[in-house]
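One structure below.
The values are calculated or read from the model by the stated rules, or taken from the named source; none is laboratory data. Keep in mind that what you see is a predicted model, and the values were worked out from it rather than measured. Counting neighbours? That spans all protein chains shown, and the Cβs are built from the backbone with ideal geometry, glycine included.
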Amino acid sequence: MRTRTSTAALTLAAVLGSAVLAAGPAVADSRADVPVSGFSDTVVDGVHHRLFLGDKSGDGILVTDYAGRTVGTVPGLRGVSDLALSADSATLYAAVRYADSVVAVDTATLEVTASYPTGAGTEPSQVAAGENGRIWFSFGDQWSSGLGSIDPSGPDGPVTTTYDDQQAGHDFATPPLLRTDPKAPGKLVALDHGISSGPIVVYDTTGAAPVVSVQDDKGGFWYDADFTPDGTGIAVAGSAKGIVEYRVSDLEQVAFYPLAEQPSSVAVAPDGTVAAGTGGFSDNPDLAVFTQGAGKPASLRKLFPQYGLARRGLAWAPAGSTLFAVNDNWTAPTTALRVLTDPRQYVTTATLTGPATATRGAALTLTGRIGASLPLPAGTPVSVTRTDLESPQGKALAPVKVDAKGAFTVKDTPPAGGKVTYQVGYAGDAAYAPAKASFPVAVSRAATTLTLGNNNKTFEYGAQVWFIAHLGTTYKNRTVELWADPFGPDRPNKLVHRALVDARGNIGVKLTMTRDTTVVASFAGDARYAPKKVTVTGLAKVKVATTLSGHYKWANIGGVPYRWFRKTTSPVATSAMTYYPGRKARFELEVYSGGRWYASNPEFFALAADGKVAVRFGAPNTSGIRARVRTGYVNVASGDYVNTTTLSSWQYMYFSN
């Protein structure tokens, strides 16, 4: 298999030091977006705990740790299309299509240590590492494709050989996928992946030239292949809706792993677990892990919402505990890499449903199911927890058990009203992942009474006013909150009192009324009585006074005190009012004639920062005129809405000679 490492290599790494082995610690299931724009292949180096990702669009190889963090790159490889790791994990081989070469990379230093030309215009696209350092590659295009080998240890230097159709024993329609494995020494499997007949050719490579051991048309466009752990079989991903395993010795089918659609990738773990990736079209899962062999359902996952697994996008860590899966990014700037630390576990789902509403103290029933592609054994226990106002941290109920289809029933009588949440949970085990689900039920509660006085009452500016709330019958909670929200954006809503009501059910707060104020009494409810809230608005006047200047005496007319002005004098009326930014005072002027008062159009004038504004009226130049003036604040019309309308008393004027 491409990602396996020999026992000797692992032993050597242990001797060299644990620091190297700890360079890339395993992590929980995770995702990393790696800078690969044209993914071509992935190889796992178990000695250095690294992933090598071919990037044919980025012209290089990205190197990451097991968490997907970049640790280096091998740049300058135009059209790198396939990777292969030597049995000792010391050397990575890459087919560099547009450089007409195969390169060797030191996996420790990430340096290119050798470049082997394959011939002008050969465009090698597939590579495999054979025994004794021999390298196999396939090259060409369509029916001009072929097979070649590189012997780096030739007596006069590296020897590159290409084999024509007769020498190769097969006329390849495309450069074939190539697979070797240390457990199958002297064997090279070539899969002609560009033709519907799907030929598979097994070569004996123990001699100077490859010799066909067996070949057969298997009817598949091959996307990926991997050896079984003992080297006797090869699992292939092609046009069939499943992974087919063939015996290497005679290419007889020995196992079939069914899928919902055609696979794009396959990887076989050291214990024989088969992982298969698909495009994940529609809602189909894009990863299937056959944890118990071909005769049992696979563990299914949906790893990527779009495009699914890339071709050759699966690889196991050599120990077989971690599975790496690469998304088919379709030339996006980055590629998603998923790292699965428990890939063999069956993914479980939990559902729970019941009535949306219920009556407190009455029995209710909920139903649910723990689902998995391989059903849980009947009798598997499921925990049940009820969370409500009486048990906010949750109360464990009697566990229930699933039937043969994973279904279960929960029966309960809720002692508390309000939102009651039931949660079920399956703990999981070595074979199954844990799962949980919850369902809320609105359980009825009785209504209580809550009253609050002073609604829409008007108070003088600065008055001390008690707002008294009364709470009726409840179960346990006797606490009421009182909130005050003075009008205006500069004064926040504020909790002004929170306490238990007294023995008569009352609670109050004294407020200084300088603005219209919304007061809210709030009861949060308890296990048997529903929440209650009541809102009132107290209205506050402003301080306002009107004064006149310019008169020469006071004298009563009809019992009303008048200020007397010369007919040539212009009176000045001053309004003094509670200040608020942008506030205007309203001036009203009326003239007496024929036994009644006649009003002119009122006018508004902006207050100064001290809350005052003075207005001069023109002299009438006529004697015997009686007039009066007053000022005031008019809600909204005066420029704001924080107080209730307040007018001053009238000030009277008489104009004499």
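Worth a mention:
- Criterion: in contact with a strand residue (DSSP E or B) (Cβ under 7 Å, 6 or more places away or on another chain), under 30 Å from residue 301 (Cβ atoms) and surrounded by 20 or more Cβ atoms within 10 Å (Cβ to Cβ) - qualifying residue of 418, 406, 371, 394: 406
- Hey, residue 46 at positive phi and either of a type outside the set (A, V, I, L, M) or more than 32 Å from the chain's Cα centre (by Cα) (or both) or not: no
- Checking every residue in the range 448-464 against the condition of being surrounded by 18 or more Cβ atoms within 10 Å (Cβ to Cβ), modelled with pLDDT of 95 or more and closer than 30 Å to residue 380 by Cα gives zero matches.
- Summed over the range 552-602, residues that are basic (Lys, Arg) and either in the same structural domain as residue 461 (by TED's automatic domain parsing) or loosely packed, with under 11 Cβ neighbours inside 10 Å (or both) total 2.
Conditions (1) in the same structural domain as residue 45 (by TED's automatic domain parsing); (2) free of Cβ contacts under 8 Å to residues at least 60 places away in the same chain; (3) within 27 Å of the chain's Cα centre (by Cα); (4) part of a strand (DSSP E or B), marked per residue:
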| position | (1), (2), (3), (4) |
| --- | --- |
| 318 | yes, no, no, no |
| 361 | no, yes, no, no |
| 373 | no, no, yes, no |
| 382 | no, yes, no, yes |
| 391 | no, yes, no, no |
| 400 | no, yes, no, yes |
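- Residues considered: 515, 596. Of these, the only one that is basic (Lys, Arg) and within 23 Å of residue 639 (Cβ to Cβ) is 515.
- If the condition is being touching a residue at least 60 places away in the same chain (Cβ under 8 Å), hydroxyl-bearing (Ser, Thr, Tyr) and over 21 Å from residue 491 (Cα atoms), then the range 508-550 contributes 529, 546, 547.
- Of the strands (runs of 3 or more DSSP E) entirely within the range 490-580, those holding at least 1 residues that are under 17 Å from residue 651 (Cα atoms) and at pLDDT 95 or above occupy 544-549, 553-557, 560-566, 572-577.
- Within the range 445-460, the residues that satisfy the criterion of being hydroxyl-bearing (Ser, Thr, Tyr) and either in a strand (DSSP E or B) or touching a helix residue (DSSP H, G or I) at 6+ places or on another chain (Cβ under 6 Å) (or both) are 451, 458.
- One residue stands out among those in the range 172-206 that are small (Gly, Ala, Ser) and more than 12 Å from residue 131 (Cα to Cα): the one that is modelled with the highest pLDDT, which is 190.
- When the criteria are applied in full, residue 642 fails the requirement of being without any contact (Cβ under 8 Å) to a residue 12 or more places away in the chain and within 30 Å of residue 518 (Cα to Cα).
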